[in-house]
Amino acid sequence: MKERPSFPARLDSTLAKNRPSAVGGLGHAAPALTVVAKTAAGVAGAGKSKGAAIPVPLGVGMDSQAVRQRMVQKLAGQGVTDPLVLQAMGRIERHRFVDSALVNQAYEDTSLPIGLGQTISKPGVVSRMIELLRNGATGRMGRVLEIGTGCGYQAAVLSCVAEQVYSVERLRGLHDKARENLRHLRLANLHLLFGDGMVGYAQGGPYAGIISAAGGDVLPQAWIDQLAVGGRLVAPTVHAGGQALMVVDKTPQGLRQSILEAVHFVPLKSGVA
Ligand code: SAH
């Protein structure tokens, strides 16, 4: 019989007193994943003209690490400079968060389906948004709230660059999937919550950073309220008929907002399902 870990905490008012438990310490290391994927060069797009890529096992020791390093080099080439972000992107094994049929695309800069109509963001977008969120911090930043745990990948990356991470997901199926995906990492500073992230998670705040992986028409007031003074929010929002990345800084003088590049995120929805 499979043992069920003791969390999540629920966000609804009846159970709001339960603090979420950390992902860490849940026991059992995940079994080593051995699947056939393209070679590092093939995945990175190099050497395409030199014939078919030779299949190598991805996910065993150095093989997936080498592929990840190629991805990190590409991210650096695209302008990501934050060393902690690059380190985290090199450490977290994205292939463990996607369906086995998609593993050979895990280190390409592409979003991938994770079930229930949702997607894991591109590595380029994950690293860009987290770099923005950190706003030049040198060490780990303080507490972070993530809205939209999805498969748990970005939550894992965040846990490498922040002191505490609270990640909320409104779909029970994905919340459970993330918990499974994250178990092997034993991240004691990552707290998974099942609930409607539009109300934030006041118990974990105030936050140095709030990051949303889903885009809404407006920013929920709860996010602004739960942001610390000096904190930063990064979220996709509706802008000029499309979606754009919005950065909001909460300064002692008030809110400062900037709209950056166009992005394509799944919609922010209210309630749980
Ligand atoms: N960061 C995720 C990306 C998941 S896609 C990853 O690395 O996989 C965005 C997620 O936001 C979806 O799983 C969707 O269900 C979730 N979402 C949308 N609205 C939400 C809300 N109000 N509260 C919590 N999660 C929400």
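Does Leu187 fit the bill of being part of a loop (DSSP other than H, G, I, E, B), within 16 Å of the ligand (Cβ to nearest atom) and under 24 Å from Lys122 (Cα atoms)? So Leu187 passes the test.
Residue count for the range 126-158, restricted to those that are part of a helix (DSSP H, G or I), over 9 Å from the mean Cα position of the chain (by Cα) and either without any contact (Cβ under 8 Å) to a residue 40 or more places away in the chain or within 9 Å of the ligand (Cβ to nearest atom) (or both): 0.
Within the range 109-116, identify whether any single residue is over 24 Å from Glu261 (Cβ atoms) and either open to solvent by 30 Å² or more (accessible area, probe 1.4 Å) or under 16 Å from the mean Cα position of the chain (by Cα) (or both), and answer yes or no. Checking the range 109-116: at least one residue is over 24 Å from Glu261 (Cβ atoms) and either open to solvent by 30 Å² or more (accessible area, probe 1.4 Å) or under 16 Å from the mean Cα position of the chain (by Cα) (or both). In the range 105-120, how many are among the hydroxyl-bearing types (Ser, Thr, Tyr) and more than 9 Å from the ligand (Cβ to nearest atom)? Residues in the range 105-120 being among the hydroxyl-bearing types (Ser, Thr, Tyr) and more than 9 Å from the ligand (Cβ to nearest atom): 2 in total. Selection of first residues in the range 176-189 that are free of Cβ contacts under 8 Å to residues at least 12 places away in the same chain and open to solvent by 40 Å² or more (accessible area, probe 1.4 Å) and of second residues that are within 11 Å of the ligand (Cβ to nearest atom) and part of a loop (DSSP other than H, G, I, E, B), restricted to Cβ pairs under 9 Å at least 6 apart or on distinct chains, gives the following pairs, ordered by first then second residue: Glu180/Gly152.
Let's see how each residue does on (1) open to solvent by 20 Å² or more (accessible area, probe 1.4 Å); (2) of a type outside the set (Gly, Ala, Ser); (3) more than 13 Å from the ligand (Cβ to nearest atom):
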site: Val218; (1), (2), (3): yes, yes, no
site: Gln221; (1), (2), (3): yes, yes, yes
site: Asp225; (1), (2), (3): yes, yes, yes
site: Gly241; (1), (2), (3): yes, no, yes
site: Leu255; (1), (2), (3): yes, yes, yes
site: Leu260; (1), (2), (3): yes, yes, yes
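Filter the range 159-172 down to the residues that are more than 9 Å from the ligand (Cβ to nearest atom), farther than 14 Å from Tyr201 by Cβ and open to solvent by 10 Å² or more (accessible area, probe 1.4 Å) and list them by number. Across the range 159-172, the qualifying residues are Cys160, Glu163, Arg172.
The values are calculated or read from the model by the stated rules, or taken from the named source; none is laboratory data. All of these numbers come straight from a predicted model, not from anything done at the bench. Note that we place each Cβ from the backbone using ideal geometry, even for glycine, and neighbour counts take in every protein chain shown. When the accessible area is computed, the model is the full protein with side chains, heavy atoms only, and any ligands, DNA or RNA have been set aside. Shrake-Rupley method; radii C 1.70, N 1.55, O 1.52, S 1.80 Å.
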